[in-house]
1. What is chain B's relative contact order, in percent, from Cα pairs under 8 angstrom and six or more apart in sequence?
2. What GluC sites (Glu not before Pro) does the range B:42-96 have in DSSP loop regions with at most 11 other beta carbons within 10 Å?
3. What shape does the range B:112-200 have by the C-alpha gyration tensor, where a ≥ b ≥ c are the square roots of the eigenvalues, rounded means a/c under 1.5, and otherwise prolate means a/b greater than b/c and oblate the rest?
4. Taking a 23 Å limit on the Cα-Cα distance, which of the listed pairs A:12/B:12; A:157/B:139; A:12/A:59; B:13/B:58; A:8/B:12 fall beyond it?
5. Below 8 Å between Cα atoms, with a sequence gap of 6+, how large is the relative contact order for the range A:112-200 in percent?
6. Please list, in chain and number order, the residues 5+ apart from residue A:89 or on another chain whose amide H is under 5 Å from its amide H, with Hs placed from the backbone.
7. Pop out the ³J(HN,Hα) list for the range A:5-14 in order, Karplus 6.51 cos²θ - 1.76 cosθ + 1.60 with θ = phi - 60°, rounded to Hz; leave Gly and Pro as x.
8. Averaged across A:10-21, how many Cβ atoms of other chains sit within 10 Å of each residue's Cβ atom?
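Just so you know, all these numbers are worked out from the coordinates, no wet-lab data involved. Computed from a prediction, not measured in an experiment: that's the story for all the values here. Backbone-built Cβ (ideal geometry, glycine too); neighbour counts: all protein chains shown.
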2 protein chains.
Amino acid sequence: MKQLDVSKLDFKKLGGLIPAIAQNAETGEVLTLAFMDEPALRKTIETGYMNYYSRTRKKLWKKGEESGNVQKALEVYPDCDSDTLLFMVEQAHDIACHDGTRNCFRTDRFSLERLFQIIKERRDNPKKLSLSYTSKLLKDKTLMREKIMEEAGEVVKASVKEGMERIIYEAGDLLYHLLVLLAGEGIELREVIEELARRRK
Amino acid sequence: MKQLDVSKLDFKKLGGLIPAIAQNAETGEVLTLAFMDEPALRKTIETGYMNYYSRTRKKLWKKGEESGNVQKALEVYPDCDSDTLLFMVEQAHDIACHDGTRNCFRTDRFSLERLFQIIKERRDNPKKLSLSYTSKLLKDKTLMREKIMEEAGEVVKASVKEGMERIIYEAGDLLYHLLVLLAGEGIELREVIEELARRRK
């Protein structure tokens, strides 16, 4: 976790507390907002897992202590006036809310990262999915590669003469098959995005 | 904006205030955390622009009123215990912080959505970029399409015999050229992701 100077944070504005946002580091989804007092923050830094201060129970608690849905703290960013913290976390079991949902805000924003997570689950738990198309592709690298070429051709064909709706459809196909190939090769989508980030610099 | 039942929100826990997170609807970037009292929230709902309550100046303020860096509120999500709000916003000028930075947390997370924004800027402000490769591609649909096929071929070749590093590199190329084609065709990346989301249901 990035070095954080705790002494520079402003705990006074909220009577000893600081709001801490937890964001899923892979998908960018905002998971939870809870409060930390200084001991909870220090415990978070020491242990690498999110600890908060409960305003109702008036005590420190480790997120997921009972449910197992812990949040591993990967990075922390204080805001411009040092009175809010943004944490990038890895959420155990993809369940952040005590209600059993993925996040406390019930957002359901789809992203390539989420699709990639689903494809990786199918790769890593092949039992569930013996009948799925994704599973079939993951077992057959030749097919995976053929599909990349085929879908690239469909995108181009759509662009030449089939119009926007068709391009959207075929671009979706190409993206999906590219994600399957990455998962099949043991590559993280983030590695490809970081490659693109390097080129921007 | 999604209907929000203001009467169900819990303003009591923080003495009349509720924390409001603003997240960039396109990129998923967390931009700001500020507080709303009930009048600020009602003003936000009425006007469609983010209004907050300033704890230091003790008054309502419209975000960006002086700088022009307003936040258009697109969607709002209360959390599980109705004491926090998450807003999806469109950030004017891509500057959310009073310090002139993109967000108050100084995060610099790269994403395909950010790359796509950059490509669209080049498309929409061609002056700046007469010499850029992106600009050259955007002017030449035949070249755009040829590159899709060429890069798809490179991904496959890398997968057959060149190893992971090369696949990462070539997948980056393919993604970049696909984004350029979408921008060139006037298609939003989000439209393609929504197409993929529909298939999951």
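1. 16 percent
2. B:65, B:66
3. oblate
4. Flagged as over cut-off: A:8/B:12.
5. The value is 32 percent.
6. The list, which skips near neighbours in sequence, is A:23, A:24, A:25, A:74.
7. Listing the rounded values in order: 8, 4, 5, 8, 7, 9, 8, 6, 4, 10 Hz.
8. If you average over the peptide's residues, the count of other-chain Cβ atoms is 2.
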